[in-house]
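Scroll down for the structure; my scribbles are underneath it.
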Amino acid sequence: MLEQTPTTAHPAATVILVRDGDDGVEVLMVCRSEQVQHMGGMWVFPGGRVDPVDREDGADSDQAALNAAIRETEEEAGLIVAPEQLFYLSHWTTPEQAKKRFATWFFAAVLNDNQDVLVDGGEISHHRWVRPQDAISELRSGELRLMPPTYVTLLELLPYAECQTLTESLSAQEPWVYEPCITELDGAFHFLYQGDTGYADADPALAGPRHRCIMSDGQLDYVREL
């Protein structure tokens, strides 16, 4: 799935919807159909590409991404969110070596009005509300398939027991920016992020600070030792 010549990264938006469950914070995840070419079978957050309609009325890149986040949430999950509910959490750019590349704004929002989730059964086959720690446990057991941006985001949600604390803390932070460099070492893919010693040279073996996600045999490990 790696290319020699970098392809264009298309603007996109993703929404991490959270709610207070009986046993803590829950996040909405949707499963992409096995039949779709891009990330089929993966569990992700609702989202998609920025379309021309999202750029109407002179919207700049940030506003277009926000518009796309609202539109995609309704299209993929049947949920209505307002602009004021969303805060900019992070930005992920797919590695240059990937066949399909996206520059994705990750927004987060609390859903507290008991709307019912409705997926189309086409591109999105299933949905579920799940505690971040349970999703990570299911990744470890092989029940759940995740990509690094989803996994790292779930890890960032782990410390919070309720949505109010989560939004107060995360919305006060500067958005995290990830522009990974992907390379292989010992049969595993290493997604190197800014701050990792090997980032500039795409060399995961270099000694020093670590900031990376390692993918091997369907498992993911995130290392942040800066």
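The values are calculated or read from the model by the stated rules, or taken from the named source; none is laboratory data. Model, not experiment: these values are computed from the prediction. Heads up, the Cβs are rebuilt from the backbone with ideal geometry, glycines too, and the neighbour counts pull from every protein chain shown. For the accessible areas, the whole protein counts, side chains as well, though only heavy atoms, and no ligand, DNA or RNA atoms are used. Shrake-Rupley method; radii C 1.70, N 1.55, O 1.52, S 1.80 Å.
Okay, here's what the table says:
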quantity: For segment 38-133, accessible area per residue (1.4 Å probe, heavy atoms of protein chains only), Å²; calculated: 48 Å²
quantity: Exposure rank, largest accessible area first [ARG19, ARG49; 1.4 Å]; calculated: ARG49, ARG19
quantity: Calculated over segment 145-226: convex hull of Cα atoms, volume per residue (Å³); calculated: 96 Å³
quantity: Structure-based [θ]222 nm, the chain - -39500 (n - 2.57) summed over DSSP H runs of at least 4, per residue, nearest 500; calculated: -6000 deg cm²/dmol
quantity: DSSP-defined antiparallel bridges as percent of all bridges, the chain, nearest 5; calculated: 75 percent
quantity: Prolate/oblate/rounded call for segment 17-112, Cα gyration tensor, a/c under 1.5 rounded; calculated: oblate
quantity: Angle in degrees between helix 132-141 and the longest Cα principal axis of the chain, rounded to the nearest 10; calculated: 50 degrees
quantity: Separation of the VAL53 and LYS99 label points, Cα + 7 Å toward Cβ, nm; calculated: 2.8 nm
quantity: Cα centroid separation - segment 145-178 against segment 39-110, whole Å; calculated: 16 Å
quantity: D (Stokes-Einstein, µm²/s), Kirkwood Cα radius, the chain, 0.890 mPa s at 25 °C; calculated: 135 µm²/s
quantity: Fraction of accessible area attributable to carbon and sulfur, the chain (%, probe 1.4 Å); calculated: 47 percent
quantity: Residue order for ASP217, ASP116 - accessible surface, 1.4 angstrom probe, largest first; calculated: ASP217, ASP116
quantity: Three-way shape call for segment 65-194 based on the alpha-carbon gyration tensor, with the a/c threshold at 1.5; calculated: rounded
quantity: Local electrostatic count, VAL53, Cβ distance below 14 Å [Lys/Arg +1, Asp/Glu -1]; calculated: -4
quantity: Restricting segment 106-156 to trypsin sites (Lys or Arg not before Pro) in coil, as DSSP defines it, with at most 11 other Cβ within 10 Å; calculated: none
